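*Asks:* Let me give you the structure first, and then I'll get to my questions.
The values are calculated or read from the model by the stated rules, or taken from the named source; none is laboratory data. Since this is a predicted model, take the numbers as computed values, not measurements. Note that each Cβ is placed from the backbone with ideal geometry, even for glycine, and that neighbours are counted across all protein chains shown. For accessibility, only protein heavy atoms count, side chains too; no ligands or nucleic acids. Shrake-Rupley method; radii C 1.70, N 1.55, O 1.52, S 1.80 Å.
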Number of protein chains: 2
Amino acid sequence: MHRVAHRADTIQFPEISHTPNSGSPMPPSKPDTPQRNDGEATPGTLYETLADDIAHSIQAGTLRPGDRLPSVRQASASRGLSPSTVFQAYYLLEARGLIIARQRSGYFVASTRRVLPPEPEAASQPADESTTLNVSELVFDVLASAKQRELVPLGSAFPSPLLFPLPRLAKSMAAVVQQLDPWSSVDDMTPGNAGLRRQIALRYLIDGLTVHTDEIVITNGALEALNLCLAAVTRPGDAVIIESPTFYGALQALERHGLRAIEVPTHPREGIELDALARALERHRPSACWLMTNFQNPLGSLMPDDKKRELVRLLARFEVPLIEDDVYGELYFGNKRPTPAKAFDTQGLVMHCGSFSKCLAPGYRIGWAAPGRFAREVARAKLTSTLTVAAPTQAAILHYLEKGGYDRHLRQLRQALMQRQDTFAQAIARHFPPGTRATRPAGGYFLWLEMSAGTDSLALHRYALSHGISIAPGPIFSAHGGFRHCLRINCGHDFDDRTDAALATLGRLARLTMQ
Amino acid sequence: MHRVAHRADTIQFPEISHTPNSGSPMPPSKPDTPQRNDGEATPGTLYETLADDIAHSIQAGTLRPGDRLPSVRQASASRGLSPSTVFQAYYLLEARGLIIARQRSGYFVASTRRVLPPEPEAASQPADESTTLNVSELVFDVLASAKQRELVPLGSAFPSPLLFPLPRLAKSMAAVVQQLDPWSSVDDMTPGNAGLRRQIALRYLIDGLTVHTDEIVITNGALEALNLCLAAVTRPGDAVIIESPTFYGALQALERHGLRAIEVPTHPREGIELDALARALERHRPSACWLMTNFQNPLGSLMPDDKKRELVRLLARFEVPLIEDDVYGELYFGNKRPTPAKAFDTQGLVMHCGSFSKCLAPGYRIGWAAPGRFAREVARAKLTSTLTVAAPTQAAILHYLEKGGYDRHLRQLRQALMQRQDTFAQAIARHFPPGTRATRPAGGYFLWLEMSAGTDSLALHRYALSHGISIAPGPIFSAHGGFRHCLRINCGHDFDDRTDAALATLGRLARLTMQ
């Protein structure tokens, strides 16, 4: 029997807005949540709301370290929620490091405060000039180092492949190839497998966006989608607006297409600065704007909805298409999937790019573009450059999505990534020199570190490699070699003793590179 | 018992250069041939040589229509060949329409001469100017019509998917995905799966080319390989030499890259004219030359080895890279795979592009480039545009190649295509207006038709569509809309009553479009 600490009885659970489905008792494995397309929970489920409420009480000091939470049975009874919902909420809080389970005693508010590095506060301040690109060897070095298994992959762009349901995908693949219509190699040609495009359109619909199947073009991963969108709306010599820092793939794409980069100040939490963007639009008259609105790479910034709405309005005023790279949107830690800027688009100017590579099927190379009014141009650019995407991989992803289980997988994936981010951040606080700041993204699997001015991440990159560690040094995320004191850390891999030792080594090396 | 006609005894079989392996009797299912990598016959096998000898005797009139061939047993004994070799040779001759089998009576020289359209004789004569491209809607129309199953696919670019070992490929795919290393999504990244690149290098070796595994970059089909090669050696505004007529994909690629096209006269049997090429190199100083040396699309021309050697020498003199599109090379009807021009390259200037899409696995999108001295640039362009090729499809093709059976499949495929070409050509002779000429390619699955001057293939294209037939009209193969009286016919699909009726309709419509 659990003894209930008196303080725990005083927890003020705010009201939950959803009405629990208390009329029909749910089996323990199935939380009482609204249904999503495959019979799983929507974002913003009851258990997440409960967890958020408790987290808020902890942050507000209503619940203090060492306090015991109500037992699952008590909380279930007092809230009118199924026990499984309460279990899920507690599990989530445990994953976030806010509560701990003690065997046979129940759940307690974590007794020590987590020590995290301070967050970077200021937006970047790139020069207000266009830059002709010459992406350094460094980017290719960093990409090559990601292929070396013996390195601790802190510089990798990919989460651990062990996080994905590869055996279930294999079953889907085996099932579809053995009954594959020989003519699918023709039928599934660009714009792609009709069933898969419909599934993608359905997911848009669930997230509140109306995107017609006909608008969707299946691509070899999001990188191809982004490149095709860029090609569709620019000509060599044009200017394109990007964030600062920005995904190096955008820099490489701009260079390949002979475009000039306009880097615009970007805030580490809220993304690109709209005032600065407005001035850049006025001054440089760019052909396109390429942004990551959700969990930007490398910052992890998440643009608030109001800002997204304003962004779309601003770009529409200048008739500038937005290439929206949204490959991390599904990897949110909050209640619901963050809205893409495309949701606010009424002009067909937002070209939204997504992928299954980061959230379901690494190595399958299935991405897509929903390019608004440019859908035909994008499909044609695809036909003339790589013709089409492999029919078996398209069919396998479709089979997996139709079978159901994607949302369950995503929930597990998000929890794993959230937990890892926290563990990595605490290790960075332990090992890095004082003055190191780290972002706290609300999704994705990157941390962006700002070290003291004078710290040299390029030297750190070289030293780290010689110690068997890869990192992504700041300058690869900039058209003009900025962010020399910054680096990106991948926290999407297992955190074990080797990882901890690698972060300790990095912290030590960082001190050595300070000038 | 077979009665042997007296004339059959007089057949003069010329000596065969290979020494038959008469010391060890072979089982009937295994012809006595040199071994290839997977234990199958090399090109230029004994049975093909025997078949060629007999074909020559028929063409020379030594064997006349109605003559009976020696029985398999007699031929086997007299030639010192295994019965299975003689069987194979007779089967091949039957497939070519040169002999017919009569039940219980043996093989006879086909009693009626096949009526084929005359071949085009003259090389094309494009204007000696560079052309800025604006590829017409027409190409996309023709591509879109290839996706409509209800049309008779005479305009399609693909052979029938039923010609390929899809069930065996499915087994390979199912086997590999279920044991796929999760890290393969990282390991198999560009330049690609090491085992697959080794298999491709081995096939080069068997065909007499030394191409190192490190030079090979796996791509999403040959079209991506060609585009990456083009990007690696050109800048917008540069001139590129192409054949006339040329594969419309080359025109589209040039347009996408902002390049100017120099069309050079091309002979329907022997490919690009070297004198004209030399003049164009001198005058236009192009950045690259994009050619199909083996079974060119659309002409089917096959450049003789001496000409290839001279081509490579000429381009080396001007330091101009050759982008060699060799996707049809494996589909030869003769004794051996035609040599790529790359075999004569000593400067690393030949960028050879191949694919499994046309000879093994349509829809799997596995191609490659062997780009000589530009291998690093091509790999980098791949990394920055589409990142990599799907790991499962790479692994499936590797598994299939390692299991063996590819060469057996290829022999069946070649025989089927050879037979279809002959059947289509005879039907065209029956149905098309007098004056229609048709190429007789020694490989591939296209026929190029030259109709009387004044015939309008664009009108024919529109009329044909309204009759449920797709064709590829001549002007889509030209930068300046030439070849209006020409069209390309795909003979890689089943020939049945519907096909025959479609060709009859086309012939009738062609008469209507004459001016």
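*Asks:* So A:Val176 passes all but one of these: (1) over 20 Å from the mean Cα position of the chain (by Cα); (2) open to solvent by 20 Å² or more (accessible area, probe 1.4 Å); (3) of a type in the set (Val, Ile, Thr); (4) more than 24 Å from A:Trp290 (Cα to Cα). Which condition number does it fail?
*Replies:* Every condition holds for A:Val176 apart from (2).
*Asks:* Right, next: Checking A:Thr388 against (1) of a type outside the set (Asp, Glu); (2) within 30 Å of B:Val139 (Cα to Cα); (3) part of a helix (DSSP H, G or I): exactly one of these is not met. Which one?
*Replies:* Every condition holds for A:Thr388 apart from (3).
*Asks:* Tell me which residues, restricted to the stretch B:235-252, are out of contact with any Pro (no Cβ under 6 Å at 6 or more places or on another chain), open to solvent by 20 Å² or more (accessible area, probe 1.4 Å) and farther than 26 Å from B:Glu119 by Cα.
*Replies:* We begin by selecting, within the stretch B:235-252, every residue out of contact with any Pro (no Cβ under 6 Å at 6 or more places or on another chain); these are B:235, B:237-238, B:242-243, B:246-252.
Cutting the leftovers down to open to solvent by 20 Å² or more (accessible area, probe 1.4 Å) gives us B:235, B:237-238, B:247.
Passing the criteria: B:Arg235, B:Gly237, B:Asp238.
*Asks:* For residues that are closer than 30 Å to A:Ile218 by Cα, out of contact with any Phe, Trp or Tyr (no Cβ under 8 Å at 6 or more places or on another chain) and either not charged (D, E, K, R) or not assigned by TED's automatic domain parsing to the domain that holds B:Gln394 (or both), tally how many sit in the stretch B:202-221.
*Replies:* Total satisfying the criteria: 2.
*Asks:* In the stretch B:250-275, how many are assigned to a strand (DSSP E or B) and under 20 Å from the mean Cα position of the chain (by Cα)?
*Replies:* 4
*Asks:* Residue check, B:His493 against (1) modelled with pLDDT under 95; (2) surrounded by fewer than 24 Cβ atoms within 10 Å (Cβ to Cβ); (3) in a loop (DSSP other than H, G, I, E, B), all met but one. Which one?
*Replies:* Against the list (1) modelled with pLDDT under 95; (2) surrounded by fewer than 24 Cβ atoms within 10 Å (Cβ to Cβ); (3) in a loop (DSSP other than H, G, I, E, B), B:His493 comes up short only on (1).
*Asks:* Which pairs turn up if I take residues in the stretch B:417-442 that are farther than 24 Å from B:Met303 by Cβ and look for partners that are among the polar types (S, T, N, Q) with beta carbon separation below 6 Å, at least 6 apart in sequence or on another chain?
*Replies:* B:Gly435/B:Ser452
*Asks:* Quick one: which of A:Leu458, A:Leu417 is assigned to a helix (DSSP H, G or I), closer than 28 Å to A:Phe140 by Cα and under 17 Å from the mean Cα position of the chain (by Cα)? Spell out how you get there, then give the answer.
*Replies:* Values: A:Leu458 fails: under 17 Å from the mean Cα position of the chain (by Cα).
Being assigned to a helix (DSSP H, G or I), closer than 28 Å to A:Phe140 by Cα and under 17 Å from the mean Cα position of the chain (by Cα) holds for just one of A:Leu458, A:Leu417, which is A:Leu417.
*Asks:* Restricting to the stretch B:200-232, count the residues that are surrounded by fewer than 24 Cβ atoms within 10 Å (Cβ to Cβ) and within 14 Å of chain A (Cβ to nearest Cβ).
*Replies:* The number of residues fulfilling the criteria is 3.
*Asks:* Could you list, in sequence order, the residues of the stretch B:222-245 that are touching a helix residue (DSSP H, G or I) at 6+ places or on another chain (Cβ under 6 Å) and either of a type in the set (Ser, Thr, Tyr) or in a loop (DSSP other than H, G, I, E, B) (or both)?
*Replies:* Scanning the stretch B:222-245 gives a single hit, B:Pro245.
*Asks:* Next up: Filter the stretch A:413-439 down to residues that are among the charged types (D, E, K, R) and open to solvent by 30 Å² or more (accessible area, probe 1.4 Å) and give me whichever is nearest to A:Cys486 (Cα to Cα).
*Replies:* Per the criteria, the residue is A:Arg437.
*Asks:* Return the only residue of B:Glu263, B:Glu255, B:Glu270 being farther than 28 Å from B:Arg376 by Cβ and surrounded by fewer than 23 Cβ atoms within 10 Å (Cβ to Cβ).
*Replies:* None of the others qualify; the one that does is B:Glu270.
*Asks:* Report, by residue number, each residue of the stretch B:461-487 that is in a loop (DSSP other than H, G, I, E, B) and not β-branched (Val, Ile, Thr).
*Replies:* Once the filter is applied, which keeps residues that are in a loop (DSSP other than H, G, I, E, B) and not β-branched (Val, Ile, Thr), the stretch B:461-487 yields B:His467, B:Gly468, B:Ser478, B:Ala479, B:His480, B:Gly481, B:Gly482, B:Phe483, B:Arg484, B:His485.
*Asks:* Run B:Gly195 past the list (1) open to solvent by less than 40 Å² (accessible area, probe 1.4 Å); (2) within 10 Å of chain A (Cβ to nearest Cβ); (3) part of a helix (DSSP H, G or I); (4) not aromatic (Phe, Trp, Tyr) and report the number of the one that doesn't hold.
*Replies:* (2)
*Asks:* Among the residues in the stretch A:203-216, are any closer than 26 Å to B:Met189 by Cβ and either in a loop (DSSP other than H, G, I, E, B) or in contact with a Cys (Cβ under 9 Å, 6 or more places away or on another chain) (or both)?
*Replies:* Looking through the stretch A:203-216, at least one residue is closer than 26 Å to B:Met189 by Cβ and either in a loop (DSSP other than H, G, I, E, B) or in contact with a Cys (Cβ under 9 Å, 6 or more places away or on another chain) (or both).
*Asks:* I've got another one for you. Please count how many residues of the stretch A:364-378 are under 18 Å from A:Ala201 (Cβ atoms), within 14 Å of another protein chain (Cβ to nearest Cβ) and surrounded by fewer than 24 Cβ atoms within 10 Å (Cβ to Cβ).
*Replies:* 2
*Asks:* Do we find that B:Thr499 is modelled with pLDDT under 95 and in contact with a His (Cβ under 8 Å, 6 or more places away or on another chain) in this structure?
*Replies:* Values: modelled with pLDDT under 95: no; in contact with a His (Cβ under 8 Å, 6 or more places away or on another chain): yes.
Criteria not met by B:Thr499.
*Asks:* When the residues of the stretch A:170-186 are narrowed to those that are facing chain B (nearest Cβ under 7 Å) and assigned to a helix (DSSP H, G or I), which ends up nearest to B:Ser145 (Cα to Cα)?
*Replies:* Per the criteria, the residue is A:Val186.
*Asks:* Here is a follow-up. Restricting the stretch B:346-356 to residues that are among the small types (Gly, Ala, Ser) and buried (at least 24 other Cβ atoms within 10 Å of the Cβ), which is farthest from the other protein chains (Cβ to nearest Cβ)?
*Replies:* Only one residue fits best here, namely B:Gly354.
*Asks:* Are there strands (runs of 3 or more DSSP E) fully within the stretch B:54-165 with at least 1 residues that are exposed (fewer than 14 other Cβ atoms within 10 Å of the Cβ)? List them.
*Replies:* B:99-102, B:130-132
*Asks:* Regarding the stretch A:138-161, can at least one residue be identified that is among the charged types (D, E, K, R) and within 11 Å of chain B (Cβ to nearest Cβ)?
*Replies:* yes
*Asks:* So, one more: Tell me which residues, restricted to the stretch A:218-251, are of a type outside the set (Lys, Arg) and more than 19 Å from A:His352 (Cα to Cα). Step through it out loud before you land on a result.
*Replies:* Here is the first cut: in the stretch A:218-251, the ones of a type outside the set (Lys, Arg) are A:218-234, A:236-251.
Answer for the stretch A:218-251, where residues must be of a type outside the set (Lys, Arg) and more than 19 Å from A:His352 (Cα to Cα): A:Pro236, A:Gly237, A:Asp238, A:Ala239, A:Ser244, A:Pro245.
*Asks:* Suppose we filter A:Ala343, A:Ala395, A:Ala381 for residues that are open to solvent by 10 Å² or more (accessible area, probe 1.4 Å), more than 24 Å from A:Thr293 (Cα to Cα), in contact (Cβ under 8 Å) with a residue 12 or more places away in the chain and more than 9 Å from chain B (Cβ to nearest Cβ); which single one remains?
*Replies:* Answer to the selection: A:Ala395.
*Asks:* B:Arg337 passes all but one of (1) open to solvent by 20 Å² or more (accessible area, probe 1.4 Å); (2) under 18 Å from the mean Cα position of the chain (by Cα); (3) within 14 Å of chain A (Cβ to nearest Cβ); which number fails?
*Replies:* Of (1) open to solvent by 20 Å² or more (accessible area, probe 1.4 Å); (2) under 18 Å from the mean Cα position of the chain (by Cα); (3) within 14 Å of chain A (Cβ to nearest Cβ), only one is false for B:Arg337: (3).
*Asks:* Would you please name the residue that is least open to solvent (accessible area, probe 1.4 Å), looking only at residues in the stretch B:440-456 that are more than 19 Å from B:Phe333 (Cβ to Cβ) and hydroxyl-bearing (Ser, Thr, Tyr)?
*Replies:* Selected residue: B:Thr455.
*Asks:* Now for a different question. How many of the residues making up the stretch B:498-512 are free of Cβ contacts under 8 Å to residues at least 60 places away in the same chain and either open to solvent by less than 10 Å² (accessible area, probe 1.4 Å) or within 19 Å of B:Ser156 (Cβ to Cβ) (or both)?
*Replies:* Number satisfying all stated conditions: 3.
*Asks:* Name the pairs: first residue in the stretch A:236-261 and more than 12 Å from chain B (Cβ to nearest Cβ), second residue of a type in the set (Val, Ile, Thr) and open to solvent by 10 Å² or more (accessible area, probe 1.4 Å), Cβ to Cβ under 7 Å, at least 6 apart or on different chains?
*Replies:* Pairs found: A:Val240/A:Thr234; A:Arg260/A:Thr131; A:Arg260/A:Thr132; A:Ala261/A:Thr131.
*Asks:* Of all residues in the stretch A:294-340, count the ones that are at pLDDT below 95 and not charged (D, E, K, R).
*Replies:* Matching residues across the stretch A:294-340 total 3.
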